[in-house]
Amino acid sequence: MLRKLIKAVKNPQIIANVILWQGSLLGVPLYNRFHARPPLPPCGNLPELTEIYERMKRDTDISDHLPFLFATAIRQQPRLMVELGTRGGESTFVLERVAKLFGAALVSVDIDDCRNVTNWEGWRFVQSDDVAFAGQFPAYCASEGIPTPHIDLLFLDTSHLYDHTVQELAAWMPLLADKGCLVLHDTNQHRTVRRQEGRYMLSIENPGVITALQEFLGCKLDSSQDFCAVCGDWLVTHRALSNGFTVVQRLGLDSHQRR
Ligand SMILES: C[S@@+](CC[C@H](N)C(=O)[O-])C[C@H]1O[C@@H](n2cnc3c(N)ncnc32)[C@H](O)[C@@H]1O
């Protein structure tokens, strides 16, 4: 402890970091207290989307993205969706509603036991390391009577560690359907994160997911800004707020005649 203290006194950057961190621990909740979320916008007349907007009031690390996850998933008109990382079931809540609308299969994978996050009978939960499970996935689909192991929507929200994300992309992306899309949360993780409507939340400094994604796509991306990019045959759209939310969609341009 004393050694740490001496090291800190000798290095002004450490002191500045500590002050900044302690300041944000106090400052962020205080700031948010005076910048409450405005009323949620009208969202039309689909009950499932209304439920999702209601769910946003829980103010979790992913709540700002839930309607966008819903929109991305319904555009896929999915038959099979896979969720990697379930925890308390925020993303599961959204994907379950999409699965019910389209009669799709939803398989969620988590290393922890998350089987109680929903009581929907159609839901399939697998407690496993997701990289290990990818190799068994085609056989799993066959044993579950899922007609095809090709995934229309793959949602990735697990450890956020660089090495693990590299392995996840290598293991799961070959299972994506031709028109399938990958959705990643936490592609812009920093200690203090801007939320929707100008509020803030505390998080961690971690470029693991975006670094692994850039390497996978072979493309430089700036996750601090909203953007749309084309990397090879992939269309990438990105929301920078709330830890980042990125959608990667195969374009299939190679198989079409360009006009
Ligand atoms: C950020 S949380 C997921 C949040 C969830 N998507 C939501 O919206 O509520 C990350 C989850 O990934 C799981 N996880 C971490 N490493 C994993 C691994 N190797 N395989 C499967 N799940 C893993 C954790 O147990 C944790 O529940």
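For the chain, with the dipole built from +1 on Lys and Arg beta-carbon atoms and -1 on Asp and Glu ones, taken about the Cα centre, which of LEU213, GLY135, LEU253 lies farthest toward the positive end?
LEU213
Enter the mean projected area of the convex hull around the alpha-carbon atoms of the range 115-259, in nm², rounded to one decimal. Before the final figure, lay out each step's value.
Numbers: hull surface 44.1 nm².
In nm², the orientation-averaged hull projection of the range 115-259 is 11.0.
Which FRET efficiency value, to the nearest 0.05, is calculated for TYR162 and ARG124 with the Förster distance at 41 angstrom and r the Cβ-Cβ distance? Please list the in-between numbers first.
On the way: r = 29 Å, r/R0 = 0.70.
Working from the Cβ atoms, E equals 0.90.
Please compute the contact order of the range 50-163 in relative form: average sequence separation of alpha-carbon pairs under 8 Å and at least six residues apart, divided by the residue count, as a percent.
Details: 167 pairs, mean separation 31.2, N = 114.
After rounding, I find 27 percent.
Percentage of Cα-Cα pair distances in the range 181-259 greater than 19 Å, rounded to whole percent? Working shown, then result.
Values: 1137 of 3081 pairs.
Looking at the range 181-259, the distances longer than 19 Å represent 37 percent of pairs.
Report relative contact order for the chain in percent, whole number only (criteria: Cα-Cα under 8 Å, sequence separation at least 6).
Values: 429 pairs, mean separation 40.3, N = 259.
Rounded, it is 16 percent for the chain.
According to a simple spin-label model (label point 7 Å from Cα along Cα-to-Cβ), what is the distance in nm between ARG75 and CYS219?
1.4
Compute the projected area of the convex hull of the Cα atoms of the chain, averaged over all viewing directions, and report it in nm² to one decimal place. Don't skip to the end; give the middle numbers.
On the way: hull surface 69.6 nm².
Quarter of the Cα hull surface area: 17.4 nm².
Relative to the Cα centre, what is the charge dipole magnitude of the chain, using +1 at the beta carbon of each Lys and Arg, -1 at the beta carbon of each Asp and Glu, and rounding to the nearest 20 debye?
Working: 26 positive and 29 negative charges, 199 e Å.
For the chain, the charge dipole is close to 960 debye.
So if we plug the beta-carbon distance of THR148 and LEU202 into 1/(1 + (r/R0)^6) with R0 = 41 Å, what FRET efficiency do we get, rounded to 0.05?
On the way: r = 41 Å, r/R0 = 1.01.
Efficiency at R0 = 41 Å is approximately 0.50.
Helix 12-33 against the longest principal axis of the chain: what's the angle in degrees, Cα atoms only, rounded to the nearest 10?
Helix 12-33 and the main axis of the chain meet at about 60 degrees.
Values in this text are rule-based calculations from the coordinates and carry no lab data. Computed from a predicted structure; not experimentally measured. Neighbour counts run over all protein chains shown; Cβ positions are idealised from the backbone, glycine included.
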